[in-house]
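Notes follow the structure.
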Amino acid sequence: MTRSPVRPAGVLTLTTDFGTRDHYVGAMKGAVISVAPQVRVFDISHEIPSFDVAEGAFAIAQSFPHYPDGTVHVVVIDPGVGSARRPVAVAAGGHWFVAPDNGVLSLVLEAAGRFEAREVDLRHGLPRMSTTFHGRDLFAPVGARLAIGLPFDEIGPEATALVRMDPAAASDGCGRVLHVDGFGNLVTSFRASDLPEGASLALGDGTVSARARAYASMPAGRLFLIVGSSGYVEVSMNRGSAADALGVRAGEAVTLVADDSVSAGSRTQSVSEVE
């Protein structure tokens, strides 16, 4: 671990699985501005599937680089709230992150490589703290204090051995679906450099081999591979859901298939075979 001095930008983001139907997000914003009314608060997403730490990890890793250095990111996908799981603050990549230590920062740490982590001292939270809503009572106030200049080393003792999910990078031709977006695009853990010319990806009910540079360059209803804005290879369908067509959800396995290893009897869902 290493410390990288960062000046606070006065910007704070929120990423949760709370949705927007209830009062939870509004209460967190109230906790932030009660501590630091000058801080600008932005929503990354509140529609992370309930308890889905992996989806939360993907969302924050994809979003944080687009904010200025010194931004504080409060990430609350916290199925272990009220348990012995640690609340942590992490300095990585020129940003700060406040979250439960449950793997939700795994992709951030993987991307940053070097980081410093602190276990959050509960005294930085609200005077009265519930056992069910640390987003409002602890993570939001701590994030607000960081955003206005609380020294990082005053947050609490050094935290070691953070919880980490399996690395996202594909290896030995094996990967997984990192994320399914609202359009049904399947974001895999493969990069373009991982796919040799002519190779396909096998997942769910089929194998996809066609490649495209843009969604609109493929006919509607046909599956193809495309390098998305995340930098990962996506399995997509123009004007349709690849997730539904292949019966695949986040976390499922994806396998690289060399161009000479697809047997004649296998079911291959290429662009010409999907209606």
Within segment 94-112, can one find any residue that is more than 21 Å from the chain's Cα centre (by Cα), open to solvent by 10 Å² or more (accessible area, probe 1.4 Å) and farther than 25 Å from G231 by Cβ? no
Which residue pairs have Cβ atoms closer than 7 Å, lie 6 or more positions apart in sequence or on different chains, and pair a first residue in segment 21-38 that is in a loop (DSSP other than H, G, I, E, B) with a second residue that is open to solvent by less than 40 Å² (accessible area, probe 1.4 Å)? A36/A144; A36/A147; Q38/G10
Only one of these is modelled with pLDDT under 95, farther than 30 Å from S200 by Cβ and basic (K, R): R86, R128. Name it. R128
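I'm checking my understanding of the structure. Among residues of segment 136-179 that are part of a loop (DSSP other than H, G, I, E, B) and without any contact (Cβ under 8 Å) to a residue 12 or more places away in the chain, which one is most open to solvent (accessible area, probe 1.4 Å)?
Here the answer is D172.
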Considering segment 79-118 alone, what residues qualify as being over 22 Å from M129 (Cβ atoms), outside any helix (DSSP H, G or I) and of a type in the set (D, E, K, R)? R114, E116
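If I filter segment 211-256 down to residues being open to solvent by less than 40 Å² (accessible area, probe 1.4 Å) and among the hydroxyl-bearing types (S, T, Y), which single residue comes out as nearest to C174 (Cα to Cα)?
Step one: filter segment 211-256 for residues open to solvent by less than 40 Å² (accessible area, probe 1.4 Å), giving 212, 218, 221, 223-226, 228, 230-238, 240-243, 245-246, 248, 254.
Among the residues that remain, those that are also among the hydroxyl-bearing types (S, T, Y) are: 230, 232, 236, 241.
Working: S230: 19, Y232: 14, S236: 19, S241: 23 Å.
That would be Y232.
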Restricting attention to segment 5-28, which residues are more than 15 Å from R145 (Cβ to Cβ) and open to solvent by less than 70 Å² (accessible area, probe 1.4 Å)? T13, L14, T15, T16, D17, F18, G19, D22, V25, G26, A27
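The values are calculated or read from the model by the stated rules, or taken from the named source; none is laboratory data. Keep in mind that what you see is a predicted model, and the values were worked out from it rather than measured. Here Cβ is always computed from backbone atoms with ideal geometry, including for glycine, and neighbour counts include all displayed protein chains. Accessible surface areas use protein heavy atoms only, side chains included; no ligands, DNA or RNA. Shrake-Rupley method; radii C 1.70, N 1.55, O 1.52, S 1.80 Å.
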